[in-house]
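Inspection log for the structure reproduced underneath, given as structure tokens.
The values are calculated or read from the model by the stated rules, or taken from the named source; none is laboratory data. Only a predicted model underlies this, so the values are computations on that prediction, with no experimental measurement involved. No Cβ is skipped: glycine too gets one built from the backbone with ideal geometry, and neighbour counts run over all protein chains shown. Accessible surface is based on the protein model in full, side chains and every heavy atom, while ligands, DNA and RNA are left aside. Shrake-Rupley method; radii C 1.70, N 1.55, O 1.52, S 1.80 Å.
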Amino acid sequence: MKATVHVFLKPGVLDVQGKAVENALHGLGWPSVKDARVGRVIEFDLDAADAEAAKAEVKAMCDKLLANTVIESYRIDIA
């Protein structure tokens, strides 16, 4: 199974990279852009019995390593 994890800073946490992207886009002529956020995507293959088992395993990975759950949230997609 293919697992995709999307990790972003939680709302209210200052996103310095997102602000830099937003300012750069304004400078390039897109002034309507606001509240830009930068995150990361982690993709990998996983051997699991079914989608629910895979999602539970990936959730454990996120909680232990892939996301800093104090300041980040994540979304898991299993295909």
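Just a few scattered comments:
- Relative contact order of the chain, taken over Cα pairs closer than 8 Å and 6 or more residues apart, is 51 percent.
- Projected area, mean over directions - segment 2-78, Cα convex hull, nm²: 6.0
- Placing unit charges on each Cβ (+1 for Lys and Arg, -1 for Asp and Glu) gives the chain a dipole about its Cα centre, and among Leu46, Val16, Ala67 the Cα reaching farthest toward its positive end belongs to Val16.
- Selected from Val58, Gly29, Ile76, residue furthest toward positive end of dipole (the chain; charges at beta carbon): Gly29
- Neighbour net charge for Pro11 - beta-carbon separation under 12 angstrom, K R +1, D E -1: -1
- Counting heavy atoms of the protein chains alone, Leu46 has an accessible area of about 20 Å² for a 1.4 Å probe.
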